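The values are calculated or read from the model by the stated rules, or taken from the named source; none is laboratory data. Not measured: the values here are computed from a predicted model. Virtual Cβ from ideal backbone geometry, glycine too; neighbours counted across all protein chains shown.
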């Protein structure tokens, strides 16, 4: 059953009417087929018009949609021979950050990403995609393996931020995030990241300090959530929409600022409406980015990466 966002209510009403007609077709004298066609055209146009002018806050809602594809969906659709590796060899295995060896087409890669889960049980198991120190230390271990064996790294980012609990702080959350970011910048192999949903705070940057940073069309990427920003500036999260507008969280804004390198198009109505098309678009973008980097030697890879990040914020 499709979950509709608040701004999608007119679309929901039309699609509910279409479903009702399809279920009762043949039971009445109404020309149901003709009416369904008219309603489909109207619903498709309304969907296109709505998604052509989404506000930053509405894009934030789309990026958080519960039916949006997550790490496990991309693994199942895009990658072959995925061999997951677990644990940080120090404390535990963090289920919020997954990774291992895989193949993207003919390329062998190391794949890392956040997994949010898609029902209550899996969301609790994966801690809603909020990584703990052992998750970022696992990511570091995987990046070191990639460096040792000369394999490019792909990271898929989808987190509201690193886990802020007391236990995570006791185990060195800030240090683990900093070390993971440092490892991204030190890698002598290509690193391509994509913000596939939410890219929140240092928990996202720790896997996204990459040679190429891609971003889904309706994803968001920011130093803090709009609600968090609003609660700091105005002492209320009721102004989250104002914060999202000011923070420049959308792919188009970040591309114009030079923070990301490319925007990956989504199916009409968002990636949650067509996982297969969303995965196919991501696969093309990842392959193109890896192709642009595959002939660079280690020194040039790191030189270009450092230059990219040092240039940010210069005017």
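Here are a few things to note about the model shown:
- Spans of strands (runs of 3 or more DSSP E) in segment 57-160 with at least 2 residues in the same structural domain as residue 292 (by TED's automatic domain parsing) and surrounded by 15 or more Cβ atoms within 10 Å (Cβ to Cβ): 97-104, 107-114, 153-159
- Which numbered condition residue 60 misses (of (1) touching a residue at least 40 places away in the same chain (Cβ under 8 Å); (2) farther than 30 Å from residue 112 by Cα): (2)
- Verdict on residue 188 being assigned to a loop (DSSP other than H, G, I, E, B), in the same structural domain as residue 223 (by TED's automatic domain parsing), at positive phi and surrounded by fewer than 24 Cβ atoms within 10 Å (Cβ to Cβ): no
- Every residue from segment 289-306 that is in a helix (DSSP H, G or I) and either within 16 Å of residue 153 (Cβ to Cβ) or not assigned by TED's automatic domain parsing to the domain that holds residue 261 (or both): 289, 290, 291, 292, 293, 298, 301, 302, 304, 305
- Residue within segment 304-314 that is surrounded by 12 or more Cβ atoms within 10 Å (Cβ to Cβ) and free of Cβ contacts under 8 Å to residues at least 60 places away in the same chain present: no
- Taken over segment 127-148, the criterion of being touching a strand residue (DSSP E or B) at 6+ places or on another chain (Cβ under 8 Å) and at negative phi is satisfied by 130, 131, 135, 136, 138, 139, 142, 143, 145, 146.
- Subset of segment 266-287 [within 22 Å of residue 250 (Cβ to Cβ) and surrounded by fewer than 16 Cβ atoms within 10 Å (Cβ to Cβ)]: 268, 277, 284
- Meets criteria (within 18 Å of residue 261 (Cβ to Cβ), at pLDDT 95 or above, buried (at least 24 other Cβ atoms within 10 Å of the Cβ) and touching a strand residue (DSSP E or B) at 6+ places or on another chain (Cβ under 7 Å)) for residue 196: yes
- Failed criterion for residue 24 (all others in (1) surrounded by fewer than 12 Cβ atoms within 10 Å (Cβ to Cβ); (2) touching a residue at least 12 places away in the same chain (Cβ under 8 Å) hold): (2)
- Out of 245, 173, 167, one residue alone is over 30 Å from residue 46 (Cα atoms) and either touching a residue at least 40 places away in the same chain (Cβ under 8 Å) or surrounded by 21 or more Cβ atoms within 10 Å (Cβ to Cβ) (or both). It is 173.
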